[in-house]
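If you scroll down you'll find the structure; I have some questions about it.
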Amino acid sequence: MKKKVLFPVLFVLFLALILPCQAQQGRVVDGAGIFSVQQVEELNKRIDGIRERYGMDASIVTITSLGNAYSMRAYAENFFDSNGLGVGEERDGVLLLLKMTGGTGNRDYYIDGHGSRGTKVERAFDDETFLVFLRRNAYYDGARAFLDEVEARAEALTPIGRVKKWLPAFLIAGALIGLVTVLILRGRMKTAKSRQNAADYVLKDSFRLTRALDMYLYTTTTRSKIVENNSGSSHRSFGGGGGGGHSGHGGKF
Amino acid sequence: MADTYKCPGCGSALLFDAKEQKMKCASCSNTYEVKDIEQYYRIDERLASNARMSWESPVGGSWSEDERAHLRAYHCPSCGSEVVVEDTAAATECVYCQNPLVMEDAYQGEYKPEAVIPFKLSLEEAKNRYAAYLKGKKLLPDRFAKQNRIERITGVYVPFWLFNCDTDSDLSYKCTKVRTYRSGNYMVTETSHYRVMRGGGLSFDNVPVDGSRSMADNLMEAIEPFDTKLQEDFAMTYLSGYQAQRHDVPAEQCKERANERIRTSVLQRFRETVKGYATVVPETQSVRISEGNVREVLMPVWMLNTKYKNKTYTFAMNGQTGRFIGDLPVSFGKACAWFFSVALGVTAVASAVCYFLANAGVI
């Protein structure tokens, strides 16, 4: 009887030891244990798809402490580099680091971008798309929203994505040029127009400027304060050059 | 009195030939100098003066007062038929035998023009210019282009008043100069205000205003300019073979339009002298037009009419320079096709360029 009870308990303990190890594989590293095994698998599948379609890596890392790292940025960059993340020559990729300690509003997140395209994706990121879920502790939905955003930004960087982005502007420009063309062509159909002046009949050399005076009256002065552009967010940092470095930003949720 | 200039050789009608600038017989093709025919007919008139019938009184008594005031009846010297014309008509053709008629009494007294600019371009040239005018008109309805049938084409001598005058003007403008510079954390904009005055004269020579009510003013202005240096002293012989009108808008009424155009030119010319300012707002504009002289000159105009969808389209061609003017119908379908073709074409090209540049990593 004891053997009968012990076996399932041992099996469950074995699974408990094995599963975190499985979670460590792939691009989703759930150190804080906020995703189920199935969710991790789903997220990894999504990431594989993104890697394949857009040549862009994505990774989600959850932790409970920074360990030896002195900042979220240092942890994220180190994790990205030491785990060989990134796709292509420039190792393009984006990493989301979540530190799950501190309770709602005090938990940290950091998004690290690498490579020229990874950096562009990171800089264009709309954090609110996934933070709304994370604040409600809907972690899986938040992770999916993060990957949605990665996918959308990566799509925008593809040639087709660029065309899609500019298509409304191209259509408006095309419509305007079309309208101007039609108006010009229509103008050529209507030539019976009155003359506005008698310029054709000015007697040659008859213009005499006999009175000319430029009288200064007064000066008015207006001053406007120059507003320096300090829009660069204090929690955004960009490292490296030539598209090969890291860039990132973060905050609390 | 309606006259037909007849060929001294064969007796057929003589017409003014625009190409040769001579009187030409329609039948035997003999040509005569205008002044020779004038002289020939002056002698003829003197000899026949006692035997001539007077046609100045209207024939028949059934016309209303209004008709009497605006119509005249003449007898064609060729076929004897009665030809009724508007009282402004000075030259026409017999509706029965197509014989050219010149109403010698039309230009008597105040109606006599000082000069005439003879036709330089022929009927054939007018037709060719019309065909050329239709070419390249992308929005022209296909049916209109295919029909290409001129309902009526007439060479008309149109009476124009030519105004010569000097102007003396005084104009003032409110002007500003703007200087912008940075001072510490501030952008400073200094606006200096000026009052600018200009004065002087400008002269005009032969500003034309058409003196015919039946001619559309916009058409007559659009076919300008005429080269008045090539004008000839007025002679009725130039009118043979063409329609001609005497003025029915007096010079006094046309003066307003001439002044309007002259004033605009004066303002534009003096405005060009106000330079170096960021803004220029006209204030006082006094343009004094001193009384110059006004002359009446007959100008050569080819008038063409065509019908499309029950609407008459009128075109005018300067009979001296060949400038062709007239409004054409617009095909809505073609306008739409052009709009969408250009709009979609531009979008496609821009998208392709964008794709190419994105693919090359330029953007």
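The values are calculated or read from the model by the stated rules, or taken from the named source; none is laboratory data. What you are looking at is a predicted structure, and each value in this text was computed from that prediction instead of being measured. Cβ: placed from backbone, ideal geometry, glycine included. Neighbour counts: every protein chain shown.
Given B:167, B:228, which one is farther than 16 Å from residue B:300 by Cβ and of a type in the set (Val, Ile, Thr)? Show your work before the answer.
Values: B:228 fails: farther than 16 Å from residue B:300 by Cβ.
Answer to the selection: B:167.
Hey, another quick one. For segment A:142-198, give me each residue that is within 29 Å of residue B:348 (Cα to Cα), among the small types (Gly, Ala, Ser) and surrounded by fewer than 19 Cβ atoms within 10 Å (Cβ to Cβ).
A:152, A:156, A:161, A:169, A:173, A:175, A:187
Select from segment B:273-300 the residues that are surrounded by 11 or more Cβ atoms within 10 Å (Cβ to Cβ) and of a type in the set (Asp, Glu) and list them in ascending order.
B:283, B:296
What single numbered condition from (1) more than 14 Å from chain B (Cβ to nearest Cβ); (2) under 28 Å from residue B:264 (Cα atoms) fails to hold for residue A:210?
(1)
Given the condition more than 9 Å from every other protein chain (Cβ to nearest Cβ), at pLDDT below 90 and in contact with a helix residue (DSSP H, G or I) (Cβ under 7 Å, 6 or more places away or on another chain), answer yes or no: does some residue in segment B:307-328 qualify?
yes
Looking only at segment B:145-164, which residues are surrounded by 20 or more Cβ atoms within 10 Å (Cβ to Cβ) and over 21 Å from the mean Cα position of the chain (by Cα)?
Taking segment B:145-164 first, the residues surrounded by 20 or more Cβ atoms within 10 Å (Cβ to Cβ) are B:155-163.
Of everything in segment B:145-164, nothing turns out to be surrounded by 20 or more Cβ atoms within 10 Å (Cβ to Cβ) and over 21 Å from the mean Cα position of the chain (by Cα).
On to the next question. Only one of A:191, A:181 is more than 30 Å from residue A:50 (Cβ to Cβ), at the interface with another protein chain (Cβ under 10 Å from one of its Cβ atoms) and modelled with pLDDT of 95 or more; which?
After ruling out the rest, the residue left standing is A:181.
Give segment B:336-363 a look and list any residue that's within 37 Å of the chain's Cα centre (by Cα) and crowded, with 18+ Cβ neighbours inside 10 Å, or say none.
Listed by number, the residues that qualify are B:338, B:339, B:342.
Out of (1) modelled with pLDDT of 90 or more; (2) more than 7 Å from chain B (Cβ to nearest Cβ); (3) assigned to a helix (DSSP H, G or I), what's the single condition that is false for residue A:204?
Going through (1) modelled with pLDDT of 90 or more; (2) more than 7 Å from chain B (Cβ to nearest Cβ); (3) assigned to a helix (DSSP H, G or I) one by one, residue A:204 breaks only (3).
From the list A:147, A:209, A:134, exactly one residue is in a strand (DSSP E or B) and in contact with a strand residue (DSSP E or B) (Cβ under 9 Å, 6 or more places away or on another chain). Which is it?
Sole residue among the options that is in a strand (DSSP E or B) and in contact with a strand residue (DSSP E or B) (Cβ under 9 Å, 6 or more places away or on another chain): A:209.
Given (1) modelled with pLDDT of 90 or more; (2) in contact with a helix residue (DSSP H, G or I) (Cβ under 8 Å, 6 or more places away or on another chain); (3) small (Gly, Ala, Ser), where does residue A:156 come up short, assuming only one miss?
Failed condition: (1).
Within segment B:169-180, track down each residue that is more than 19 Å from residue B:279 (Cβ to Cβ) and either at the interface with chain A (Cβ under 9 Å from one of its Cβ atoms) or free of Cβ contacts under 8 Å to residues at least 40 places away in the same chain (or both).
Listed by number, the list holds a single entry, B:170.
For the condition within 30 Å of residue B:123 (Cα to Cα), within 13 Å of chain A (Cβ to nearest Cβ), modelled with pLDDT under 90 and out of contact with any Lys or Arg (no Cβ under 7 Å at 6 or more places or on another chain), what is the one hit in B:154, B:228?
It is B:228.
Please name all residue pairs, on different chains or six or more residues apart, with Cβ atoms under 8 Å, provided the first residue is in segment B:268-280 and is farther than 13 Å from residue B:176 by Cβ and facing another protein chain (nearest Cβ under 8 Å) and the second residue is of a type in the set (Phe, Trp, Tyr) and surrounded by 13 or more Cβ atoms within 10 Å (Cβ to Cβ).
B:269/A:207
Could I ask something else about it? I'm checking my understanding of the structure. Among residues of segment B:182-220 that are in a loop (DSSP other than H, G, I, E, B) and either facing chain A (nearest Cβ under 7 Å) or among the small types (Gly, Ala, Ser) (or both), which one is surrounded by the fewest Cβ atoms within 10 Å (Cβ to Cβ)?
B:184
Based on this model, can you work out whether residue B:358 counts as over 18 Å from residue B:140 (Cβ atoms), hydrophobic (A, V, I, L, M, F, W, C) and within 12 Å of chain A (Cβ to nearest Cβ)?
So residue B:358 passes the test.
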